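The structure under discussion appears below in the form of structure tokens.
The values are calculated or read from the model by the stated rules, or taken from the named source; none is laboratory data. What you see is a predicted model, and the numbers here were worked out from it, not measured in a lab. As a convention, Cβ positions derive from the backbone with ideal geometry for all residues, glycine included, and neighbour counts pool all protein chains shown.
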Amino acid sequence: MFSYAGTMADKTIVICTRGSALALAQANLIAAQCRAAFPALSFELKIIKTTGDKLQKASMAKTDPSLPKGLFTKELEVALMNGEADLAVHSLKDLPTELPDGLVLAATPRREDVRDVLIYRARELGGKTNPRRGFPPHLTLADLPAGATIATSSTRRKMSLLAVRPDLRIEEIRGNVATRMQKVADRAEVDATILALAGMTRLHFKINEDGTISGDAVPAGLLATVLGLDVMLPCVGQGAIGLEIRDGDERIGKIVAQLNHPATFQAVTAERAFLRGMGGGCQSPVGAHGLISGDTILLRAISFRDETVKRGEGRRPVAEAAELGLQLAGELK
């Protein structure tokens, strides 16, 4: 393990993050890992409000050319470049594939489960029939009644749903994990929403075998079904945390190297290369999932560009992860 001597060891390392509950959970996780690996060093969190945090009413489901890239990352990157922070912690799905000059994606810790989760109301609430329309445990997309309304702000999720159930109604929704669950519990006109399992896990929500959800302040009467990858491929980088630093910063580079999970890094390298090859951002109507097996990487991808569903997959040596992503993008464009 690398050790530091002299004044550099005394300089507090600033970890910047957004202020949402999930962002703070992820940043605190990284800070704890840093402190465990380097107990002699001092780490502190710096909370920064991003453009995306300020635009709570902006549509995430519609591409708005007036909105800047990196809605949830730009201000953190500015802090890095200005020397106000040493390490930025991102939900990797939010980090653009093209980074500003002088910054690099240096590491990705072990990824959480990449799957999505269907959140819906139970038929019974407090031992009585739910006054709002509810459903039995282990609900699948096929079980939803005709014309059911699903709330999601993700173009990928919307198109994935309509690919298997074109009769569904899709309504846009904003807010954090807890807010979205509460909206499903409260709003009779919304039958369900879809959340990332990774985000729920990092916020300490647990989906039990009977479909109930455990955790702090879970709205009463909600159930959950984890959707298989055959039903819905995740967005690029879903479930992964990205650690961004200044290019050439050896001190911070050696710290985050201790946190890096090589298989995750190679998998998301392929996924991000695919997204870059498709010319899209985090709201692009594509999904991809890289899976490492020994010295080989398998990449599965889906595109909903121009209202057409295109699927593909490819396999190459792990060392060619980026090339695989670009290859698959070329096949699906």
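Worth a mention:
- Among the residues of segment 205-243, the ones that are within 27 Å of residue 127 (Cα to Cα), assigned to a loop (DSSP other than H, G, I, E, B) and free of Cβ contacts under 8 Å to residues at least 24 places away in the same chain come to 4 in all.
- Within the set 311, 251, 305, the sole residue that is farther than 20 Å from residue 94 by Cβ, assigned by TED's automatic domain parsing to the domain that holds residue 89 and of a type outside the set (Val, Ile, Thr) turns out to be 251.
- Some residue of segment 149-167 being surrounded by 14 or more Cβ atoms within 10 Å (Cβ to Cβ), among the hydrophobic types (A, V, I, L, M, F, W, C) and assigned to a loop (DSSP other than H, G, I, E, B): no
- Condition met for residue 290 (of a type outside the set (Asp, Glu) and on the phi > 0 side of the Ramachandran plot): no
Residue-by-condition table, conditions (1) at pLDDT below 95; (2) basic (Lys, Arg); (3) farther than 19 Å from residue 104 by Cβ:
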{"residue": "258", "(1), (2), (3)": "no, no, no"}
{"residue": "262", "(1), (2), (3)": "no, no, no"}
{"residue": "265", "(1), (2), (3)": "no, no, no"}
{"residue": "271", "(1), (2), (3)": "no, no, no"}
{"residue": "277", "(1), (2), (3)": "no, no, yes"}
{"residue": "322", "(1), (2), (3)": "no, no, no"}
{"residue": "333", "(1), (2), (3)": "yes, yes, yes"}
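- Matching residues in segment 264-295 - criterion: being in contact (Cβ under 8 Å) with a residue 40 or more places away in the chain and aliphatic (A, V, I, L, M): 267, 268, 270, 273, 275, 278, 286, 288
- Restricting attention to segment 184-204 and to residues that are touching a Gly at 6+ places or on another chain (Cβ under 7 Å) and assigned to a helix (DSSP H, G or I), the residue that is surrounded by the fewest Cβ atoms within 10 Å (Cβ to Cβ) turns out to be 185.
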